[in-house]
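Asker: Take this structure first; my questions come after.
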Amino acid sequence: MKDCLFCKIAGGEIKANCVYENDSVVAFRDINPQAPTHVLVIPRQHVATLNDLTAETGALVSEMFLAAKHIAAQDGIAQSGYRTVMNCNRDAGQSVFHIHLHVLGGRSMDWPPG
Ligand code: AMP
């Protein structure tokens, strides 16, 4: 997608602090971290929101979680714990309309989230 920030990061047009990538996904540190580890995992393919996932693109979500698991091990938070979050639309606070999995860890977190 021409005007999508995360498509530009996936394509290398905009720089990000990349921590992991493969043929399906790219992961980079959030520019405004909410925890010592705060990484965003995105699919290379543009999907605007969780509502736009289809049977064809659904496998991307599995790739995103496998990447999250890898990143948690890489950052040394797999055993202490971490949270994965995907915000969808206004009430959840989605601000970038290219699906992304937040991977947060390195501190203890409250539940329910605000
Ligand atoms: P959400 O609010 O769930 O859509 O999350 C979007 C996330 O993208 C926020 O946590 C932002 O801090 C993060 N973000 C926005 N622009 C960038 C960027 N250029 N590089 C890294 N993270 C970004």
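The values are calculated or read from the model by the stated rules, or taken from the named source; none is laboratory data. These numbers come from a predicted model, not from an experiment. Please note: Cβ atoms are built from the backbone with ideal geometry, for glycine as well, and neighbour counts cover all protein chains shown. Remember, those area values only see protein heavy atoms, side chains included, never the ligands or the DNA or RNA. Shrake-Rupley method; radii C 1.70, N 1.55, O 1.52, S 1.80 Å.
Asker: Name the residues in the stretch 95-114 that are touching a strand residue (DSSP E or B) at 6+ places or on another chain (Cβ under 8 Å) and without any contact (Cβ under 8 Å) to a residue 60 or more places away in the chain, would you?
Answerer: Ile99, Pro113
Asker: Restricting to strands (runs of 3 or more DSSP E) lying wholly in the stretch 12-94: which have 1 or more residues that are among the small types (Gly, Ala, Ser)?
Answerer: Hits in the stretch 12-94: 25-29.
Asker: Oh, and also: Determine which single condition Val103 fails, assuming it passes every other condition in (1) open to solvent by 30 Å² or more (accessible area, probe 1.4 Å); (2) away from the ligand (no atom under 11 Å from the Cβ); (3) of a type in the set (A, V, I, L, M, F, W, C).
Answerer: (1)
Asker: Say whether the condition of being open to solvent by less than 40 Å² (accessible area, probe 1.4 Å), more than 13 Å from the ligand (Cβ to nearest atom), without any contact (Cβ under 8 Å) to a residue 12 or more places away in the chain and over 14 Å from the mean Cα position of the chain (by Cα) is met by at least one residue in the stretch 52-62.
Answerer: For the stretch 52-62, residues open to solvent by less than 40 Å² (accessible area, probe 1.4 Å), more than 13 Å from the ligand (Cβ to nearest atom), without any contact (Cβ under 8 Å) to a residue 12 or more places away in the chain and over 14 Å from the mean Cα position of the chain (by Cα): present.
Asker: Could you check the stretch 63-74 and list, in sequence order, the residues that are over 19 Å from Ala10 (Cα atoms) and open to solvent by less than 50 Å² (accessible area, probe 1.4 Å)?
Answerer: Ala72
Asker: Could you say which residue among Asp91, Asp30, Asp75, Asp110 is at pLDDT 95 or above, in contact with a Gly (Cβ under 8 Å, 6 or more places away or on another chain) and on the phi < 0 side of the Ramachandran plot?
Answerer: After ruling out the rest, the residue left standing is Asp75.
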